[in-house]
Amino acid sequence: MPTVVFLNHNGTEAVRTEAKPLDALIDLCDHARSPVPFSCRSASCGTCRVVVVEGAADLEAPRDEELDVLDAFSVKAPKYRLACQARLGPSATTVQIRPVRDDE
Ligand code: FES
């Protein structure tokens, strides 16, 4: 069963949750009350940008809509993802993410 660890902006652990393969990060964020902020929830605003600290390969590849928003913020997958769009892969084990900081 995959584990998703949510870090605070400063890298300390905020909360972790058990997940299922193919779970959407946005649902896990809501369920775990993660520190990841959301606004549009539809790949428009970029508010939910996260840094994938561990397990980038455990996430499904981003779709074009997500890549376009990341591009607008001059960041690239797989290090950066949108929590409202990313989904665990079928054989995910551990994913660790934190919200982006203002300086990145
Ligand atoms: S919440 Fe707006 S892009 Fe994810």
Item to complete: Treat every Asp and Glu Cβ in the chain as -1 and every Lys and Arg Cβ as +1, leave all other atoms uncharged, and give the resulting dipole magnitude about the Cα centre to the nearest 20 debye.
Response: 160
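Taking the inverse of the average 1/r across all pairs of different Cα atoms in the chain, what Kirkwood radius in Å do you get?
Values: mean 1/r = 0.0759 Å⁻¹.
Roughly 13.2 Å, rounded to one decimal.
Given a 1.4 Å probe, how much area per residue of segment 3-99 is accessible, in Å²?
Numbers: 4890 Å² over 97 residues.
Spelled out: the 1.4 Å probe surface of segment 3-99, per residue, equals 50 Å².
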Fill in: Extended-chain gain in nm, criterion 0.36 nm per residue less alpha-carbon gap, ASP30 and ASP103
23.8 nm
Worksheet item: Under a Cβ-Cβ cut-off of 13 Å, what is the net charge of the residues other than ALA57 that fall near it, where Lys and Arg count +1 and Asp and Glu count -1?
Response: -1
Worksheet item: Stretch GLU13-MET1 to full length: gain in nm at 0.36 nm per residue minus the Cα-Cα span?
Response: 2.4 nm
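Go through segment 2-104 and name the chymotrypsin sites (Phe, Trp or Tyr not before Pro) that are in a DSSP coil and have 14 or fewer other Cβ atoms within 10 Å of their Cβ. Don't jump to the answer; show the numbers that get you there.
Details: sites: PHE6, PHE38, PHE73, TYR80; in loops: PHE38, PHE73.
Of the chymotrypsin sites (Phe, Trp or Tyr not before Pro), the ones in loops of segment 2-104 whose Cβ has at most 14 other Cβ atoms within 10 Å are PHE73.
Explain nothing, just the number: relative contact order of segment 36-104, from Cα pairs under 8 Å at least 6 residues apart, as a whole percent. Each step should come with its number before you reach the end.
Numbers: 117 pairs, mean separation 31.2, N = 69.
The normalised contact order for segment 36-104 reaches 45 percent.
The values are calculated or read from the model by the stated rules, or taken from the named source; none is laboratory data. The model shown is predicted, which means the values in this text are computed figures rather than measured ones. Note that each Cβ is placed from the backbone with ideal geometry, even for glycine, and that neighbours are counted across all protein chains shown. Accessible surface is based on the protein model in full, side chains and every heavy atom, while ligands, DNA and RNA are left aside. Shrake-Rupley method; radii C 1.70, N 1.55, O 1.52, S 1.80 Å.
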